[in-house]
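Let me begin by presenting the structure, written as structure tokens, before commenting on it.
The values are calculated or read from the model by the stated rules, or taken from the named source; none is laboratory data. Everything quoted here is computed from the prediction, not taken from an experiment. Every residue, glycine among them, receives a Cβ derived from its backbone with ideal geometry; neighbour counts consider all protein chains shown. For the accessible areas, the whole protein counts, side chains as well, though only heavy atoms, and no ligand, DNA or RNA atoms are used. Shrake-Rupley method; radii C 1.70, N 1.55, O 1.52, S 1.80 Å.
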Amino acid sequence: MKVCHIITGLGIGGAEQQLRLLLPHMARVRSSVVTLTNPGPVADALRAGGVPVAHLGMRGNRDLSALPRLTRLLRDGAFDVVHTHLYRACVYGRLAARLAGVRTVVATEHSLGAAQIEGRPLSSGARALYLASERLGTSTVAVSDTVARRLAGWGVRPARIRVVPNGIDVRRFAFDPAARRAARRRLGLAPGAYVVGGVGRLAAGKRFDTLIRAVAALPEDTRLLLVGDGEQRQPLERVARECGAADRVVWAGAVDRGLPELLSAMDVFVSTSAEEAFGLAIVEALAAGLPVRYVACPALDDLPPEEAPGALRIGGTVPDVVAALRSVTRDRLPVPAAVHRYDIARSAQQLMSLYDELSTSSTKK
């Protein structure tokens, strides 16, 4: 079976990293990737792993010249399945797949919130275009039960929605004391410092300003390790200066392969984002044995609480976060059952089963 994955870009981001993790576990299918824009470091990693990556060179959302080029690429590739990822790739990819005669078209919805998609406010026009293009596909994959409910609430027929959760390489995130010492030395963090961690794109929706203000209210030996980059970096630096915490925030920037070492350097993980589609960084933190405090995480909220006893949901205000951090212990915790539920090999197997099912169904029609 030949599968073409179409994605908006291949920089360092959640959906992009998820695609990179999935493909090595899908050896039963022959995978190719098309990125509409920004090949980025994930494209390099895919190529190094033997996955062909084509860059379409799309110049913007309204670059309609990309459509015939994408259609021709799909037709020439004689793909059995087209699988799209992220909003722009879903809109263009579904239409191109249909024009190319591909009968099985799957789309994964990675980042749909109640009022935003991929971190941007959800307009009525964007929603209408999404729903119109969704009807050109065969099935839409939701990364959590929460996203499945949101899709159904939008008007996507429940029979067309399948839940295949995001996944992680669980063993890769195991706590490593040596990596902890090395990472702290490299980052200038004292061995005994109390290190609060946050991971994610530095975007307004992640609400890292709340986390900075909370850390500023904690004892002087508390440090905040922020992993990620984005358009809010300078405004967040300004917040840190204004609340007297500029010298207590460590900016690690975006990382490609080094996240496990940075998680090992932390003592507690906090997610202040009020709207998530899954909460992948939270699951990764649990795999590293960290106590976790979070405002929203469908990956955990859709499960019984006993599956992740080290993770507690908290309120989203600065006093809520301060109170949570003052009461948390610094002990490493056993990896909970919830983490093993989200193993990447399991997610890959679910996707391959979906491809088989949909391909068989389309052949019978």
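Here are some notes:
- Extension gain, Arg28 to Asp331: 0.36 nm times the residue separation minus the Cα-Cα distance gives 105.0 nm.
- Under a 5 Å amide H cut-off, with hydrogens placed 1.01 Å from N, Gly197 pairs with Leu225, Asp267, Val268, Phe269, Val270 among residues at least 5 apart or on other chains.
- Euclidean distance of C-alpha centroids, the range 200-239 and the range 278-314, integer Å: 20
- R0 of 35 Å, Cβ-Cβ distance Glu237-Ala48: FRET efficiency to nearest 0.05: 0.55
- Share of carbon and sulfur in the accessible heavy-atom surface of the chain [1.4 Å probe, %]: 53
- Label assignment, semi-axes √(5λ) of the Cα gyration tensor in Å derived from the structure, set (1) 34, 24, 18; (2) 42, 21, 18; (3) 37, 20, 20: (3)
- A simple rule links phi to the HN-Hα coupling: the Karplus curve 6.51 cos²θ - 1.76 cosθ + 1.60 with θ = phi - 60°, which for the range 257-263 gives 10, x, 4, x, 5, 5, 5 Hz, with x for Gly and Pro.
- Long-range HN-HN contacts of Val163 with modeled amide H, under 5 Å: Ala142
- Rounded to 5, the percent of DSSP beta bridges in the range 81-230 classed as antiparallel: 15
- Think of it as helices only: each DSSP H run of n ≥ 4 in the chain is worth -39500 (n - 2.57), and spread over all residues that comes to -12000 deg cm²/dmol at 222 nm.
- Mean Cβ neighbour count within 10 Å, used as a protection proxy, ranking 5-11, 168-174, 296-302 highest first: 5-11, 296-302, 168-174
- Contour minus Cα-Cα distance for Arg62 and Val163 (0.36 nm per residue): 33.3 nm
- Subtracting the Cα-Cα distance of Ser359 and Arg171 from 0.36 nm times their residue separation leaves 64.4 nm of extension gain.
- Cleavage-rule hits (trypsin sites (Lys or Arg not before Pro)) in the range 9-91: DSSP loop, at most 15 neighbouring Cβ within 10 angstrom: Arg28, Arg59, Arg62
- 1.4 Å probe accessible area per residue over the chain, in Å²: 42
- Based on C-alpha pairs under 8 angstrom that are at least 6 apart in sequence, the chain has a relative contact order of 16 percent.
- Check: the chain dipole with +1 on Lys, Arg Cβ and -1 on Asp, Glu Cβ, in debye: 1040
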